[in-house]
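Enquirer: Handing you this structure, nothing more for now.
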Amino acid sequence: MYIDSHCHLTHEQYTSEADVGEVINHAVNAGVEKMYCTGGMLGHDEKVLELCAKHPQFLRPVIGISPHDANRVTAEQKNELFDLIEKNRKQLAGIGEIGLDFHYFKTSEEQKTQEKLFREEIELAKTLDLPIVIHSRKAEAKVLDVLEEVKFSRFAMHCFMVKELCQRVVKQGGIVSLPTIKSKDKKYIMKQIETENLICETDSPYLWTSRNEPANVKAVYEEISKIKEISLEKIEGKISENVEKFFNK
């Protein structure tokens, strides 16, 4: 089976409940048997929980406060979301996507606010014994510094394509999540990182020539198979095993 370790099925590009249902069916028909549905936007976490409850055979929820929202989330909203995570601990596969984004947020004040929230979410993950899924655009080294400092190793680097740091991710106990986007650096990582340290994602609806869907995750599996010269069947089995071991759901 194939697994999409990271998708956003509550995104507005999926225009209706029927549309989402068709996307899920399309994925299942393509051999994708499990999809980890991630929040990533304020107001979407309850929607993620509701959607996953409607499709428990195929969807697993991952919720948290994205670095994109760190500078606008209120204390009340943060506390409510932390409560939501605690109350739904048994249903959750992980906390995410969380982390740092220094691409869009360049001021020291913005970045410090992101880091403060990131550290709080790591502590919540520790308390609840949940893995975290990390957004780290242009802040990859800083994210790894924070994780090393707080001694947290159950993390996945979402959409990660920084070849200079891929070995450090593994050394710190993390796992690299490779997306559908085409990239020379992604191919380098595929060559350098052992299969046991890789998972695959679509980041749907992003990172495709048109609206992305979980069905397209198979393309990443196929690319790894080609680069490593290992049968697709073996890659499929090992990476799916990695995902389930990481999330434990």
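The values are calculated or read from the model by the stated rules, or taken from the named source; none is laboratory data. As the structure is a computational prediction, the values presented were derived from the model and not from experiment. Please note: Cβ atoms are built from the backbone with ideal geometry, for glycine as well, and neighbour counts cover all protein chains shown.
Enquirer: Looking at LEU232, LEU178, LEU165, can you tell me which residue is at pLDDT 95 or above, farther than 29 Å from LYS142 by Cα and in contact with a helix residue (DSSP H, G or I) (Cβ under 6 Å, 6 or more places away or on another chain)?
Expert: Answer to the selection: LEU232.
Enquirer: Could you say which residue among PHE155, PHE118 is aromatic (Phe, Trp, Tyr), under 18 Å from the mean Cα position of the chain (by Cα) and under 20 Å from THR195 (Cα atoms)?
Expert: PHE155
Enquirer: Being farther than 27 Å from GLU46 by Cα, of a type outside the set (Gly, Ala, Ser), in contact with a His (Cβ under 8 Å, 6 or more places away or on another chain) and touching a residue at least 12 places away in the same chain (Cβ under 8 Å) is the requirement here; does LYS138 meet it?
Expert: It is true that LYS138 is farther than 27 Å from GLU46 by Cα, of a type outside the set (Gly, Ala, Ser), in contact with a His (Cβ under 8 Å, 6 or more places away or on another chain) and touching a residue at least 12 places away in the same chain (Cβ under 8 Å).
Enquirer: I want to confirm something. Restricting to the range 158-180 and keeping residues that are part of a helix (DSSP H, G or I) and under 17 Å from the mean Cα position of the chain (by Cα), which single residue is surrounded by the fewest Cβ atoms within 10 Å (Cβ to Cβ)?
Expert: The qualifying residue surrounded by the fewest Cβ atoms within 10 Å (Cβ to Cβ) is VAL170.
Enquirer: Here's a follow-up. Which residue pairs have Cβ atoms under 8 Å apart, sit 6 or more places apart or on different chains, and have a first residue in the range 176-188 that is in contact (Cβ under 8 Å) with a residue 24 or more places away in the chain and charged (D, E, K, R) and a second that is crowded, with 24+ Cβ neighbours inside 10 Å and outside any helix (DSSP H, G or I)?
Expert: Here the result reads LYS186/LEU178; LYS186/PRO179, each pair linking the range 176-188 to a residue that is crowded, with 24+ Cβ neighbours inside 10 Å and outside any helix (DSSP H, G or I).
Enquirer: Surrounded by 14 or more Cβ atoms within 10 Å (Cβ to Cβ), outside any helix (DSSP H, G or I), touching a residue at least 12 places away in the same chain (Cβ under 8 Å) and at negative phi: does that describe ILE95?
Expert: The answer is yes for ILE95.
Enquirer: Keeping to the range 98-122, report how many residues are over 17 Å from VAL62 (Cβ atoms), not acidic (Asp, Glu) and not in a loop (DSSP other than H, G, I, E, B).
Expert: So the count comes out to 7.
Enquirer: I'm told SER183 meets every condition in (1) modelled with pLDDT of 95 or more; (2) under 20 Å from CYS7 (Cβ atoms); (3) surrounded by fewer than 20 Cβ atoms within 10 Å (Cβ to Cβ); (4) of a type outside the set (Lys, Arg) except one. Can you identify the failing condition by its number?
Expert: Going through (1) modelled with pLDDT of 95 or more; (2) under 20 Å from CYS7 (Cβ atoms); (3) surrounded by fewer than 20 Cβ atoms within 10 Å (Cβ to Cβ); (4) of a type outside the set (Lys, Arg) one by one, SER183 breaks only (1).
Enquirer: What residue, of ILE85, ILE65, is buried (at least 18 other Cβ atoms within 10 Å of the Cβ), at pLDDT 95 or above and in a helix (DSSP H, G or I)?
Expert: None of the other options fit; the residue is ILE85.
Enquirer: List pairs: first in the range 227-248 and more than 17 Å from TYR36 (Cβ to Cβ), second surrounded by fewer than 16 Cβ atoms within 10 Å (Cβ to Cβ) and of a type outside the set (Ser, Thr, Tyr), Cβ under 7 Å, 6+ apart or cross-chain?
Expert: Hits for this filter: ILE227/LYS191; LEU232/GLU222; LYS238/GLU196.
Enquirer: Look through the range 123-156, keep the residues that are assigned to a helix (DSSP H, G or I) and of a type in the set (Asp, Glu), and return whichever of them is surrounded by the fewest Cβ atoms within 10 Å (Cβ to Cβ).
Expert: Per the criteria, the residue is GLU149.
Enquirer: Moving on to the next point. Could you go through the range 209-229 and let me know if any residue there is aromatic (Phe, Trp, Tyr), in a loop (DSSP other than H, G, I, E, B) and at pLDDT 95 or above.
Expert: no
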